[in-house]
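The structure under discussion appears below in the form of structure tokens.
The values are calculated or read from the model by the stated rules, or taken from the named source; none is laboratory data. These figures come from a predicted structure and were not determined experimentally. Because the Cβ atoms are built from the backbone with ideal geometry, glycine has one as well, and the counts that use them run over all protein chains shown. Protein only, heavy atoms only, side chains kept; ligands, DNA and RNA dropped before computing areas. Shrake-Rupley method; radii C 1.70, N 1.55, O 1.52, S 1.80 Å.
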Amino acid sequence: MTSSPADSDLHRRPDPGGSWFAAKTSVPAAPEATAVAEPEAELELEPEPEAESVYQAGSLAGPVASNEPEPLNEFRVVNEPADDDVVTGGLPGGPAEARVEAAAGAAARAAARQAPVRPAPPRPAGPGLRGEQPGYTLAPVPEASWSIDPGRRRAWLSRALLLLILALQAALSVRLSNTAFQDEALYMYAGHMELAHLLHGAALPKDYSSYFSGSPVLYPIVAAVVENHFGMLGVRLFSLLSMLGATSVLYAFSRRLFNERVALGAAAMFAVTQSTVVLGFFATYDAPAVLLLAVATWIVIRTDRAPAAVVLLAAPVAVLAVGAKYASGLYLPVLVLLAFLTGRRNRLRQPLLRGVLLALGMGGMLWAGLHFTDVLKGVQATTTDRAHGTETALSLIRQSAQWGGLMFATAVGGLIAYTVRGRMNESPLVRTATGPGRKRRLMLGLLLVGTALLAPAYQIHLHTSVALYKHIGFGLLFAAPMAGIGMSRLVGSHFRHPQLGILLWVVMLSLGLSQSVWRFDTWPNSTQMVAVLKQHVNSHGRYLASADNVPAYYLRAQTRQDQWTSTYGIGYLDQGGKLHSGDDGYRTAIADGWFDLIVLDGVATPDTDRVVVAAIAQSPHYRLLGRLPFTTVGGTGYYRIWVKQ
């Protein structure tokens, strides 16, 4: 019987990804000759003997070229060879045996092509028969949907997501609102005084370098210049730009260490923490210091394959961060260890030299800064020899867990997951790719995660929570990449469990929202108080205030800072030349009628305020001008203002 041109043979071939599927291919019609073939050439849809495999040693060079039509009785099976099959030709025995058997198979195929064949009668179509036409054909499917090499599309997509994260971070920060905090007021006022001193030689009202926790000639001057043109809002927006830059640089070095998914997770979590949101709209030197630390970290990681000396580019940036805020020096050893751990793998000289050079570079610059400037007293007063408080370690641990505990726990989970499995790519093509060893991964993870504990540990040592909510953000910057791994592994390969990652991030967002609003409501709004004081102050009076930096900043056009005395401490000389300090100083000064105006809020220093109120009640020199209500997280309070009568 004859077959029509529409008749076809069923061929099986592998798809590019290695999976198997069946497809129909058209076959040329048989020649007109009707000679009877040998019995072994009878057309049957059965596979030929094992010698017909195209992966046999004799056919590895490709099929035999022929102008004759493909015999209809060949059923070709293409098998994906294992590593051993490539060597032996997929046949039993060694290479010599494979060559002999392959040669015999090639001769048999050549004879079959030359022999005329008689088509077998067509089989009736029916369900389940191997010769029926399929309803559809499977398209080739790639082995993995997550590409090994980052393409342009993936890069732009990740950058677009980063822009969304930055937009959210900016929105969370600018929604905060309150008048200047006493630290903000102090730094902006000091910046104006330092700028006048540098430009015009004006005398400084106070020795700012003796008690500032950052160099008074760095951030305060920048803040003063910005404030001259854009007001306090402009200075706060400068902090916002600094924190947005820190988040962007965090994304950059997390991507360099791991991949885009980890980097996006790190940036998304860091952007919504209380520290990041508050510092993004807080006119202090913390935000620029975080940015400088992030840039120094990026330089250390980015130069991992460069010559060892290139890492010295990070030294001036890191030292500048310490100059902006002395507490940044706590993280300089982290940069040195990071320079060592991120050096070239399987080598000791280059990583070790990177760490040594960076340590020497930063150490030399710090030595020069301390010996050729007058900041040493400030470093000792605010950092190394800071006065101890009375808060318990348990209270400080609770506050640290409240403000950064969830992100820290996520980072710990990322540390464990990264130590167990270091592969960052989902493609099975890289399952055997080499990477950092388990010990190296463990050391890197411990360094990044452990850095988040430095600030809480130091403040537990000092028994004080002053500025703890800000300092936690410095450590979370380093722990964020590990937290990104934790979120990535929680979601799973190919976004298997996205709801878990979304739940984690939403909880962190909720905490950041509530905690940042709470933080901005911890000090009273001073708008009404400043409006009243403006009518009763001048350039020669003497004034006592709970948070004296706030009225000194807002009323700097009418008063000088040395006219104001704070309730944080006093040194009063009586008419006999005797010096009185502490509570006795306030009592004596009020009894002598030294102050022309007194304003208390009961929030900044409640214990001292009670001493002052008791002294005013016993003095005939003062009368109550009024009480101005305000609301904080502690409830409703009052500004109480007394004037000299």
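Restricting the first member to the stretch 367-383 and to residues that are under 18 Å from residue 459 (Cα atoms) and modelled with pLDDT of 80 or more, and the second to residues that are of a type in the set (Phe, Trp, Tyr) and in a helix (DSSP H, G or I), the beta-carbon pairs closer than 8 Å and six or more apart or on different chains are 379/326.
Hey, does the stretch 618-625 have a residue that's basic (Lys, Arg) and over 49 Å from the mean Cα position of the chain (by Cα)? Checked against the condition, which is being basic (Lys, Arg) and over 49 Å from the mean Cα position of the chain (by Cα), the stretch 618-625 yields at least one hit. How many residues does the stretch 180-201 contain that are of a type outside the set (A, V, I, L, M, F, W, C) and in contact with a helix residue (DSSP H, G or I) (Cβ under 6 Å, 6 or more places away or on another chain)? Of the residues in the stretch 180-201, 6 are of a type outside the set (A, V, I, L, M, F, W, C) and in contact with a helix residue (DSSP H, G or I) (Cβ under 6 Å, 6 or more places away or on another chain). What about residue 518, is it of a type in the set (Phe, Trp, Tyr), open to solvent by 50 Å² or more (accessible area, probe 1.4 Å) and over 27 Å from residue 603 (Cβ atoms)? Taking the combined requirement at face value, the residue does not satisfy it. Of the residues contained in the stretch 488-500, one or more are found to be in contact with a Lys or Arg (Cβ under 7 Å, 6 or more places away or on another chain) and either in contact (Cβ under 8 Å) with a residue 40 or more places away in the chain or at positive phi (or both).
One line per residue, one yes/no per condition, for (1) open to solvent by less than 20 Å² (accessible area, probe 1.4 Å); (2) closer than 30 Å to residue 439 by Cα:
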position: 316; (1), (2): no, no
position: 324; (1), (2): yes, no
position: 354; (1), (2): yes, yes
position: 368; (1), (2): no, no
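The residues on offer are 419, 434, and the sole one that is modelled with pLDDT under 95, farther than 15 Å from residue 485 by Cβ and of a type in the set (Val, Ile, Thr) is 434. Counting the residues of the stretch 188-233 that are aromatic (Phe, Trp, Tyr), modelled with pLDDT of 95 or more and either on the phi > 0 side of the Ramachandran plot or crowded, with 24+ Cβ neighbours inside 10 Å (or both) gives 2. Close Cβ contacts (under 9 Å, 6 or more residues apart or on different chains) running from residues in the stretch 301-327 that are closer than 24 Å to residue 283 by Cα and assigned to a loop (DSSP other than H, G, I, E, B) to residues that are open to solvent by less than 10 Å² (accessible area, probe 1.4 Å) and of a type in the set (Val, Ile, Thr) comprise 325/284; 325/290.
Condition check ((1) open to solvent by 10 Å² or more (accessible area, probe 1.4 Å); (2) of a type in the set (Gly, Ala, Ser); (3) farther than 16 Å from residue 173 by Cα) across all residues:
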site: 274; (1), (2), (3): no, no, no
site: 277; (1), (2), (3): no, no, no
site: 283; (1), (2), (3): no, yes, no
site: 289; (1), (2), (3): no, yes, yes
site: 293; (1), (2), (3): no, no, yes
site: 296; (1), (2), (3): no, yes, yes
site: 300; (1), (2), (3): no, no, yes
site: 303; (1), (2), (3): yes, no, yes
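Residue count for the stretch 245-263 satisfying the condition of being open to solvent by 30 Å² or more (accessible area, probe 1.4 Å) and farther than 16 Å from residue 448 by Cα: 2.
Apart from one condition, residue 632 fits all of (1) over 23 Å from residue 178 (Cα atoms); (2) in contact (Cβ under 8 Å) with a residue 60 or more places away in the chain; (3) among the polar types (S, T, N, Q); the exception is (1). So, residue 546, is that one among the hydroxyl-bearing types (Ser, Thr, Tyr), touching a strand residue (DSSP E or B) at 6+ places or on another chain (Cβ under 9 Å) and open to solvent by 10 Å² or more (accessible area, probe 1.4 Å) or not? Against the criterion (among the hydroxyl-bearing types (Ser, Thr, Tyr), touching a strand residue (DSSP E or B) at 6+ places or on another chain (Cβ under 9 Å) and open to solvent by 10 Å² or more (accessible area, probe 1.4 Å)), residue 546 does not qualify. In the stretch 559-567 there is at least one residue that is open to solvent by less than 30 Å² (accessible area, probe 1.4 Å), modelled with pLDDT of 95 or more, under 44 Å from the mean Cα position of the chain (by Cα) and hydrophobic (A, V, I, L, M, F, W, C). Scanning the stretch 576-607 for residues that are more than 24 Å from residue 645 (Cβ to Cβ), assigned to a loop (DSSP other than H, G, I, E, B) and open to solvent by 40 Å² or more (accessible area, probe 1.4 Å) yields a total of 4. Being at pLDDT 95 or above and closer than 17 Å to residue 529 by Cβ holds for only one residue in 616, 598, and it is 598.
Please determine whether any residue of the stretch 468-483 is surrounded by fewer than 20 Cβ atoms within 10 Å (Cβ to Cβ) and farther than 20 Å from residue 300 by Cα. Among the residues of the stretch 468-483, not one is surrounded by fewer than 20 Cβ atoms within 10 Å (Cβ to Cβ) and farther than 20 Å from residue 300 by Cα, which makes the answer no. Among the residues that make up the stretch 385-405, is at least one of them open to solvent by less than 70 Å² (accessible area, probe 1.4 Å), β-branched (Val, Ile, Thr) and under 27 Å from residue 464 (Cα atoms)? No: zero hits.
Being closer than 16 Å to residue 257 by Cα, charged (D, E, K, R) and not in a loop (DSSP other than H, G, I, E, B) is the filter here; which residues of the stretch 338-353 pass it? Of everything in the stretch 338-353, nothing turns out to be closer than 16 Å to residue 257 by Cα, charged (D, E, K, R) and not in a loop (DSSP other than H, G, I, E, B).
Of everything listed in (1) farther than 23 Å from residue 171 by Cβ; (2) modelled with pLDDT of 95 or more, the single unmet condition for residue 505 is (1). Residue pairs whose Cβ atoms lie under 8 Å apart, separated by 6 or more positions or on different chains, with the first residue in the stretch 576-588 and closer than 19 Å to residue 621 by Cβ and the second of a type in the set (S, T, N, Q) and not in a helix (DSSP H, G or I), are 586/567.
In the stretch 197-223, the residues that are part of a helix (DSSP H, G or I) reach residues that are among the charged types (D, E, K, R) and open to solvent by 70 Å² or more (accessible area, probe 1.4 Å) with C-beta atoms within less than 7 angstrom, at least six apart or across chains, in these pairs: 209/374; 209/377; 210/377. The single residue among 352, 330 that is under 20 Å from residue 377 (Cα atoms) and among the aliphatic types (A, V, I, L, M) turns out to be 330. Residue check: is residue 320 touching a helix residue (DSSP H, G or I) at 6+ places or on another chain (Cβ under 7 Å), of a type outside the set (D, E, K, R), open to solvent by 30 Å² or more (accessible area, probe 1.4 Å) and within 25 Å of residue 233 (Cα to Cα)? The answer is yes for residue 320.
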